[in-house]
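The values are calculated or read from the model by the stated rules, or taken from the named source; none is laboratory data. Not measured: the values here are computed from a predicted model. In this analysis, Cβ positions are derived from the backbone assuming ideal geometry, glycine residues included, and neighbour counts consider all displayed protein chains. These area figures cover heavy atoms from the full protein model, side chains too; ligands, DNA and RNA do not enter into them. Shrake-Rupley method; radii C 1.70, N 1.55, O 1.52, S 1.80 Å.
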Amino acid sequence: MTEPQPLTIADVARFPRPGTTIPGGLGFTPDSRALTFLFSAEGTLVRSLWRLDLATGERTVLAGPPPASTSEAVLSREEELRRERARLRELGVTAYQFARSAAIETLLIPAGGRLWLRIGDGDLEPIPGTEGALDPQLDPAGTRVAFVRDGDLYVCDLASGDLRRLTFDAADGLTSGVAEFIAQEELDRDRGFWWSPDGARIAFIRADSRHIPEYPIVHQGVSAIDVERHRYPFAGQPNAILQLGVIELDSEACTWMDLGRDPDQYIARVGWRPDGVLTAQLLSRDQQTLRLVAFEPGGAARTLIEERQAPWINLAGDTHFLNDGRIVWSSERTGYCHLELRSPEGDLIRELTSGDWMVTGLLGCDEARGLVYFAGTRESPLERHLYRVPLEGGPIERLTAEPGWHSGVLSPDGGWLADSWSSRRHAPRVAVRSLGDDVVISVHQAEVTPAGLGLQVPEFFETAAADGTTVYGALYRPAPGFDGPRPLIVSVYGGPHVQRVVDDWTLTVDLRAQYLAQQGCWVLKLDNRGSAGRGLAFEAHIARRLGTVEVEDQLAAVRYAAALPGVDASRVGIYGWSYGGYMTIMAMLRAPEVFRVGVAGAPVTDWDGYDTAYTERYMGTPADNPEGYRESSALTHARRLAGRLLLVHGMTDENVHFRHTARFIVALTEAGKDYDLLVFPEERHMPRDARGLEYQERRVIEFLLRHLGERLPAGG
C-alpha cells in the first residue's frame, strides 16, 4: 500500500475537498418512485442531474451540464451575486425542480443564463424567451413558468411559448418578485414570489430601496471601468420598503395585503395554505416579535400566532400547514427550538417535542400515517440525527443509528427518507431508507479514509467558559518528529448561527488545519458562547456586546491547551475569516499578551458598517446601544495591537465591504501600529479564483509559521 504524501499548499487551496464529491440537492420525483440528486462522476465542481429508480436501482443521467453552465465567466452580475450569497461554488446543474402535480413528469433546470425543460422522457430543451431569467418557478400543474427579469415578474406558457409581463414598474432600486439583499443574506429567504396551489395566482414582494443611498464598489483589477452600485442598508439606517401583493393571472389584477401599521418590518416567510389562503411570517425590526398572519381575499390580515422573545427570535423554516388546516409550528419559546401542533386558528394543541436540546430542521409530515419527521440534537450537540414523532403525541423515534452528522429529505408520499451523513472518521455516505420496512439502498459511499489521505482525526475536548458553561473544542496534534514544545494556532469563527466543532467529515478535511499540524503546530477550534446548536441562552451571552465573551472563551480554550504536554503557550497564533476575521482582530487587541500573530480575512471592524438585520439582531442599533457599538469596534482598541497582524480582503466584497479593512488601517496608522496587508482586487467575500486561493494559502501559512518562529516548508 502506497504511503500518503504530505499535504502541499496546492492541496490546501483545492476544491472540492477529498471525499466531498457526493450527491447533493437530494430530492424525489413527485410520484416518490425515484431519488434525484446532483453529482459529478468526474469528481469536479461541475455537476449533472441524476435519477435513481427506487424499484430497480437503475441510475440514469436526467440532465448533463447545459451549454454555458460550466464557467462563472458567463454569469450575469445578478446571477454572480446570488451565487455569492448562497456560498455556491458548484457549476453545471446547480438547481432543478419538478412540477408537483403535472400529469406528465415536468422538469425545469435554470442554467447557462436561460431555462431548460424536460417533459416525460423527452430531451432537455431550452425555453425560448427566457434568457436572463432569475428565480424561475413552475406552476403546480407544470403548464407555465414564472420568473423575474430586469426587476419585473413574467410568466411563460410552456405549450404556446406566450410570454406575459405581470409587473411594469421596475427601476433602479425597485423590484417585483426578487428577494431583497437582506432576505437573501440574513433571513434565509431567497425567493420573492410564490404560486398559489391552484396556479391561478402569484404572491410577490415589491421591494423599494430607492431611498437607501448607493454604495459603490469599484473593480480595480480590470482594464474597463466597472462600478457596482448597491443599496446596502447599514445598521440603524432605513431598510427596503416591502409590499406583498397577489396577482390574479386571468385578470392580471393586483391586490395588496395589509401588513400592519408599521412598514419598518421584515417579511420573513411567505406561503400558501393547502386551501389557497396566503400566509406570511412578519418579523419586527428589532426581531423580538414574530407574527404568522393569514390574508383574506381582499388583503385584510388576521394574526394566527404571535410570539415575543428577547433578546431575539431565531427564524425557522417555512410554516408547515396540514391539509386539514392544522399547523406544525417551530418555536423557541422554551429556550430551545421545538415543534408544536397548532389549530387552524393558531391555538396550541400539543407540544410534539421538548427538552434541553434543539430541533434543527423540519423534514416534513406524513399525514396519512400521522408522523412528523425532523432533525435534532437530542443525542449530542456535536451530532445531528433524524427522528419522527406522532402528530397525536407520543415517544420520539430515532431513525439514524450511525454516529455523526445526518441530514435528510422525506419523499412526497412519506415512504422514503434520503439520508446523507458523515463523521470525523468516515467520509460522506448517502442512502435511501424505506420507512415501511428495512430496505436501505446505498446511493454513494466515498472510498477514502483519514489514514489513506494522511490526515489525523481531530480530537474533541470540553472545557469551561469564564462563567462555568461547558464549551466544546477540537484539537489537531502536531505530526510526530518535531522536538520540544510546539506552537499553538487557533482557527476561529466564533459568531452566531454557526457551529464548527461537530462530528462531521468537514472537520477532518480542514486542510489548512491539517497542513499546519503536519508542519508541527497544534491547531485548536472552539465553539464559544454565542455559537449555534446549544439553545437561545447559550447564544444570548453575546447580546449587545459582540467581541467580548467570545474572546474570553477562546482564551479559556488556549489555557486548556497550554496545560497539555508539548504546547508552547508563548507562541500562540490565530486566524479566521468574516466573523472569524473580526474575532482574530479582537483577540489580538483584547489579549495582546496571549496572541503573538494573527491573520484576519474579510473582517468586520466596526458594526456600524454592517447590515441592518444581522447587526441589529445581536447589537440593537447604534442609537440605542452606543456604548456596545464603541466597545465592540476594532477601531476603538487599535492602539492595543502588539503582535504581527496580516489583513486579507477582497476589494469587491459586497457583504463585508473592503471599507472595514480600510477604516482599520486608518486607525492603526493613527495609533502608529504596523500591519501587513494582502488584497485581492477582484475577489468577493468567498474567494473563488484557483490561483488566487493557492497564493492566499501560501501567504497566510508562511505568515503564521514565520512569526511563530517556525521554519518555512521547502517548496510547498
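Across segment 580-716, Cα-Cα distances exceeding 24 Å account for 33% of all pairs. Heavy-atom accessible surface of Y96, to the nearest 10 Å², is about 50 Å², with a 1.4 Å probe and all protein chains retained.
Helix 658-670 and the longest principal axis of the Cα set of the chain meet at an angle near 30°. Between I241 and R89, what is the FRET efficiency for a Förster distance of 45 Å, r being their Cβ-Cβ separation, to the nearest 0.05? Working from the Cβ atoms, E equals 0.85.
Taking the empirical scaling 2.2 N^0.38 Å for compact globular proteins as reference, segment 378-515 has a Cα radius of gyration ratio of 1.29. By the Kirkwood approach, averaging reciprocal distances over each pair of separate Cα atoms, segment 10-92 gets a hydrodynamic radius of 14.3 Å. S632 contributes an accessible area of around 0 Å² to the protein surface, as traced by a 1.4 Å probe with all chains present.
Measuring between their Cα centroids, segment 154-205 and segment 632-649 lie 44 Å from each other. Segment 224-270 and segment 428-493 have Cα centres spaced 42 Å apart. Residue-normalised convex hull volume from the C-alpha trace of segment 362-444: 88 Å³ per residue. Once backbone amide H atoms are built at 1.01 Å from N, G601 has G576, W577, S578, G581, V648 as its partners under 5 Å, excluding neighbours fewer than 5 places away on the same chain. What a 1.4 Å probe finds exposed on segment 588-679 is 49% carbon and sulfur by accessible area, rounded to a whole percent. Once both labels are positioned 7 Å from their Cα atoms along Cα-to-Cβ, the gap between E78 and L348 label points is 4.4 nm.
Of the solvent-accessible surface of segment 1-72, computed with a 1.4 Å probe over protein heavy atoms with every protein chain present, carbon and sulfur atoms account for 53 percent.
Our summary gives the chain a relative contact order of 9 percent, counting only alpha carbon pairs under 8 angstrom and 6 or more residues apart. The E306 and R691 beta-carbon pair, evaluated with R₀ = 51 Å, returns a calculated FRET efficiency of approximately 0.45. Distant-in-sequence amide contacts of M358, defined by a placed amide H-H separation under 5 Å and a gap of 5 or more residues or a different chain, comprise T377, R378.
Let me know the shape class of segment 217-316, please: from the alpha-carbon gyration tensor, a ≥ b ≥ c as square roots of the eigenvalues, rounded when a/c is under 1.5, otherwise prolate if a/b is greater than b/c, or oblate. Because a/c hits 1.5 or more and a/b fails to exceed b/c, segment 217-316 counts as oblate. Ranking of E694, E402 by solvent-accessible surface, largest first: E694, E402 (1.4 Å probe, protein heavy atoms only, all chains present). Enter the angle in degrees (range 0 to 90, nearest 10) between the Cα long axis of helix 579-590 and the first principal axis of the Cα atoms of the chain, meaning the one along which they spread out most. Compared with the principal axis, the helix lies near 30 degrees.
To the nearest ten degrees, helix 549-562 and the longest principal axis of the Cα atoms of the chain are 50 degrees apart. Ranked by solvent-accessible area (1.4 Å probe, protein heavy atoms only, all chains present), the residues T334, T319 order from largest to smallest as T334, T319. Using a 1.4 Å probe on the protein chains only, how many percent of the accessible area of segment 96-247 belongs to carbon and sulfur? The nonpolar share, carbon plus sulfur, comes to 49 percent. Summing charges over neighbours of Q243, with a neighbour being any other residue whose Cβ is under 15 Å away from its Cβ, gives -4 when K and R count +1 and D and E count -1. A probe of 1.4 angstrom, applied to the heavy atoms of all protein chains, finds M651 with accessible area near 50 square angstrom.
The accessible-area ordering, largest first, of the residues K673, K525 stands as K673, K525, per a 1.4 angstrom probe. For the chain, the per residue solvent-accessible surface stands at 40 Å², with DNA, RNA and ligands left out and a 1.4 Å probe.
Of the trypsin sites (Lys or Arg not before Pro) found in segment 246-355, those that fall in a DSSP loop while having at most 10 other beta-carbon atoms within 10 Å are R261.
For the pair segment 101-151 / segment 551-615, the C-alpha centres are spaced 47 Å from each other.
The relative contact order of segment 367-502, computed from alpha carbon pairs under 8 Å that lie at least 6 residues apart in sequence, is 13 percent. Per residue, the convex hull around the alpha carbon atoms of the chain comes to 166 Å³.
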